[in-house]
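Before any comments, here is the structure.
The values are calculated or read from the model by the stated rules, or taken from the named source; none is laboratory data. All of these numbers come straight from a predicted model, not from anything done at the bench. In this analysis, Cβ positions are derived from the backbone assuming ideal geometry, glycine residues included, and neighbour counts consider all displayed protein chains. Each accessible area value is taken on the protein alone, full model and side chains, heavy atoms only, with ligands, DNA and RNA left out. Shrake-Rupley method; radii C 1.70, N 1.55, O 1.52, S 1.80 Å.
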Amino acid sequence: MLINKETFKQDFRKKLINMYAEDIEESSNSHKYFALASLIRDYASENWLKTNKKYTNNKEKQIYYFSMEFLIGRLLHSNLLNLGIMDICNEALTELNIDLDEIEEVENDAGLGNGGLGRLAACFLDSMASLGIAGHGNGIRYTYGLFEQQIIDGYQVEVSDNWLKKGNMWEVRKENKAVQIHFGGNVTTTMENGRLKFLEHDCETILAVPYDTPIIGYDNSTVNTLRLWSAEPLNKDFDFASFSRGEYSKATEYKALIESISQVLYPDDSRQEGKILRLKQQYFFVSAGLQSILRRYKKLKEPINNFHKYIAIHINDTHPSLAVAELMRLLIDEENLTWEDAWYITTNTIAYTNHTIMSEALEKWPIDMFKRLLPRIYMIVEEINRRLVNEVREKFKDENKVTAMSIIGNGQIRMAHLAIVGSHSVNGVAKLHTELLKYQELKNFNDFYPNKFNNKTNGITHRRWLLQANPKLSNLITESIGDHWIKEPDKLIELKPFSLDTSFREKFDKIKLENKIAFSNYAKATYGMDIDPNSIFDVQVKRLHAYKRQLLNLFNIMDLYRRLKENPNLDIIPRTFFFGAKAAPSYYLAKKNIKLINTVAYKINNDPQINGKIKVFFLPNYSVSLAEKIIPCAQVSEQISTATKEASGTGNMKLMMNGALTLATLDGANIEIRDAVGDGNIVIFGITKEQVLDYTKNHSYNSYEYYNNDFRIKLILDSLLNSSLGVSPNEFSDIHNSLLKNNDEYFVLRDFASYVEAQNKIDSLYRNRDNWSKSCIINVANSGIFSSDNTIKQYYEEIWK
Ligand code: 26V
């Protein structure tokens, strides 16, 4: 780009004047942020237009990533980096006496996602743009993102996330590209030219208005689009007549009802509830996305039968799986194709990623609700199912399989089945996860469609999670191996020999310490936390979920505390345990876990006898921007889910990339991390998938055995019920029950001894600082394979073709 420091300064000054009629000297940080963001959007807009033109002129195949969630976080920093003007901007602002870090803090996170699934979508957008792939996002512009978590008296309190309040500089409202969405009503059939036609009438029609955000590729002039839809009433004009008739509140109620569709992100990623609003959200953004894709496609003047050659649609979990039926509807009812042609196009366009085998998260909709809201779509689903059932019956001659594989059953519509049948590719997100899908959870479907299932291990964008989040380490890497790792992350492997270089190791350790000091200062200023930057930073950051076993981590801390109380001279390396986790507002036990963590933290942190040897901190409101702060200073990465339960994990990749040692079960992508770094550079513990499956099959696990035979477990569990934690004895009785009376579904007690041993191993490994640093560097060196650039290349070549 043709920008230098001086032009940048001029442009920035002009912006402030144009937007606010202010000089730099008198403007607030907030105004400076908005001026800067607006300027950057200006810089990107030319390439945005050019990219779109190029895609159209070359008739390039377009990929659309359909996702209910895009957890993109802040954009200022990554846009500056990707445009290649970070240094210019930094120097210019410094000369103007402006601190860029401070300005960045003004930006609200776009928290339009719950956790891993939404963040994956954001990483994929960055990688597609940076690889110059024509890939765009399609989702919902929620007025409120994931709630802000406050901790009050140790409890999680949810506060709404009004992220758009100050305005959003990155988006462009495209009212001229709005489309209509129909809900409810009836369907009648007529004959037209010898063909059955389906007519929808008496529907409720609403407007979907797109807001486009540029997705800027790294140093390559590609600018893709994230299109998020907002729900609005068809007629936005103030209805003066109804106001005069005294029906004003009725009219505003109606408006609110429609707008509620894109009002708020569902904050629960642990349990599917048959809520009609969520089904509306799903149809809303799927239908809007497909209509706009079809509209663009027609401009290419290609026959509709070639649609799948120019368009690929990827559905992120089952949430957008109505795309299968909606695309069929558009092709048959609007484009007049036959069922067979429409089906060929649909199944060759759509591909599906599965992100969980947890049965409580699998989406199923009650038939009557579905039918009432989407009568025509229901007819199409019925027909897809009728054909599927016939084929299954023919192939397997087994009625049990017919029942098991049916899309419609038990009064419900099974969205995963719809997604599998309507896609040409179904992928899992890590090797183990895909194996479990193919040979267990979805075995019937894998037998039925032997070539459909495949693995695409998740990845993370190393540009945000290393280049941006850890600038000091990035500089050291670039000094040592050059900067080609930024475009080719596999090149990070060239760092490996540096693990043997004493002076490199010293620099590496120094950066980790500096990051820890910076975070400690931030945490002191923000939360009043007193953190010892010389202690080991042990980090578990992820959603709070029983299967992720934050409890196991905490039980080791409680045991360590007991040992320290018994022997204040116990020789351990000082350790600071960090937790960051949001619980779904209706997830009762998860919230109790947060209270327990905070209760134990309070007790330990305020015990003078412990003398700061261990400390526990719960970091409130874990989010993308907080992750960017804590991950670069982590030294131990807690990845301790029950084997088979964590589909992949992506935090595990971010932490290894920043030089933390992984403490893990053999679950999800942890297995692939171990394979990459080698057994000597990771600490593995816990029961394996075989043991878990065996326990489950034979019902042979009895958590009481562990309670009765391990005095440490007994002491911990008893302390949940007596007064030793300083709270009412009922406070944690439900956690206690989940572990004993309800037989500890996630094998926390089973893995306790093994976990304590693994934690002790971490302590002893850390005593050999040379070897520790070596291991950390080997982790960074091997993290390139987990860049989402690699993942996206595989999607591109093997699925989107
Ligand atoms: C599930 C549900 C259930 C129904 C209600 C709403 C809702 C919203 C989100 C989800 C997502 C659950 C699946 C999920 O997040 N899976 C995570 O995906 C990550 C990216 O592939 C992966 O790394 C994690 O292991 C996996 O748990």
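Note on the stretch 421-452: residues that are within 16 Å of the ligand (Cβ to nearest atom) and either in a helix (DSSP H, G or I) or within 23 Å of the chain's Cα centre (by Cα) (or both) amount to 14. Annotation: residue 359 fulfils all but one of (1) open to solvent by 10 Å² or more (accessible area, probe 1.4 Å); (2) modelled with pLDDT of 95 or more; (3) on the phi < 0 side of the Ramachandran plot; the unmet one is (2).
Tell me which residues, restricted to the stretch 729-762, are part of a loop (DSSP other than H, G, I, E, B) and open to solvent by 60 Å² or more (accessible area, probe 1.4 Å). Don't jump to the end; show me each part of the working.
Taking the stretch 729-762 and keeping what is part of a loop (DSSP other than H, G, I, E, B), we get 729-732, 740-747.
If the condition is that a residue be part of a loop (DSSP other than H, G, I, E, B) and open to solvent by 60 Å² or more (accessible area, probe 1.4 Å), then 729, 730, 741, 742, 745 are the ones that fit.
Of everything in the stretch 667-681 that's more than 16 Å from the ligand (Cβ to nearest atom) and touching a residue at least 60 places away in the same chain (Cβ under 8 Å), which residue is most open to solvent (accessible area, probe 1.4 Å)? Result: 680. For residue 290, the test of being in a helix (DSSP H, G or I), within 16 Å of the ligand (Cβ to nearest atom) and not polar (S, T, N, Q) is failed.
Of all the listed residues (105, 175), the sole one being surrounded by fewer than 17 Cβ atoms within 10 Å (Cβ to Cβ), out of contact with any strand residue (DSSP E or B) (no Cβ under 9 Å at 6 or more places or on another chain) and not β-branched (Val, Ile, Thr) is 105.
Being at pLDDT below 95 and open to solvent by less than 60 Å² (accessible area, probe 1.4 Å) is the requirement here; does residue 272 meet it? In short, yes.
For the residues 206, 181, 215, the requirement of being over 30 Å from residue 128 (Cα atoms) and part of a strand (DSSP E or B) singles out 206. Within the stretch 642-666, the residues that satisfy the criterion of being open to solvent by 10 Å² or more (accessible area, probe 1.4 Å) and not in a loop (DSSP other than H, G, I, E, B) are 651, 654.
Residue 684 versus (1) more than 15 Å from the ligand (Cβ to nearest atom); (2) touching a strand residue (DSSP E or B) at 6+ places or on another chain (Cβ under 9 Å); (3) within 22 Å of residue 465 (Cβ to Cβ); (4) open to solvent by 10 Å² or more (accessible area, probe 1.4 Å): which is the lone unmet condition? All conditions are met except number (3).
Note on the stretch 36-143: enclosed helices (runs of 4 or more DSSP H) holding 1 or more residues that are among the hydroxyl-bearing types (Ser, Thr, Tyr) are 76-83, 86-95, 116-130.
Looking at this structure, is residue 72 open to solvent by 10 Å² or more (accessible area, probe 1.4 Å), more than 16 Å from the ligand (Cβ to nearest atom) and among the β-branched types (Val, Ile, Thr)? Judged against the criteria, residue 72 is not a match. Only one of the numbered conditions (1) open to solvent by less than 70 Å² (accessible area, probe 1.4 Å); (2) over 26 Å from residue 432 (Cβ atoms); (3) not in a loop (DSSP other than H, G, I, E, B) is not met by residue 770, and that is (1).
The residue that is surrounded by the fewest Cβ atoms within 10 Å (Cβ to Cβ), counting only those in the stretch 321-356 that are in a helix (DSSP H, G or I) and small (Gly, Ala, Ser), is 342.
Criterion applied to 278, 295 was being open to solvent by 20 Å² or more (accessible area, probe 1.4 Å), at pLDDT 95 or above and closer than 30 Å to residue 130 by Cα, and the one residue passing it is 295.
Each row is one residue, and each column tells you yes or no for (1) away from the ligand (no atom under 16 Å from the Cβ); (2) modelled with pLDDT under 95; (3) touching a Gly at 6+ places or on another chain (Cβ under 9 Å); (4) charged (D, E, K, R).
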site: 211; (1), (2), (3), (4): yes, no, no, no
site: 217; (1), (2), (3), (4): yes, no, yes, no
site: 243; (1), (2), (3), (4): yes, yes, no, no
site: 252; (1), (2), (3), (4): yes, yes, no, no
site: 266; (1), (2), (3), (4): no, no, no, no
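For residue 517, are the conditions met, namely being away from the ligand (no atom under 16 Å from the Cβ), open to solvent by 20 Å² or more (accessible area, probe 1.4 Å), within 30 Å of residue 82 (Cβ to Cβ) and out of contact with any helix residue (DSSP H, G or I) (no Cβ under 8 Å at 6 or more places or on another chain)? Here the answer is yes, as residue 517 does meet what is asked.
Close Cβ contacts (under 6 Å, 6 or more residues apart or on different chains) running from residues in the stretch 364-382 that are open to solvent by 30 Å² or more (accessible area, probe 1.4 Å) to residues that are in a helix (DSSP H, G or I) and not β-branched (Val, Ile, Thr) comprise 371/378. Taking the listed residues 586, 520, the one that is assigned to a loop (DSSP other than H, G, I, E, B), among the hydroxyl-bearing types (Ser, Thr, Tyr) and closer than 30 Å to residue 152 by Cβ is 586, with no other qualifying.
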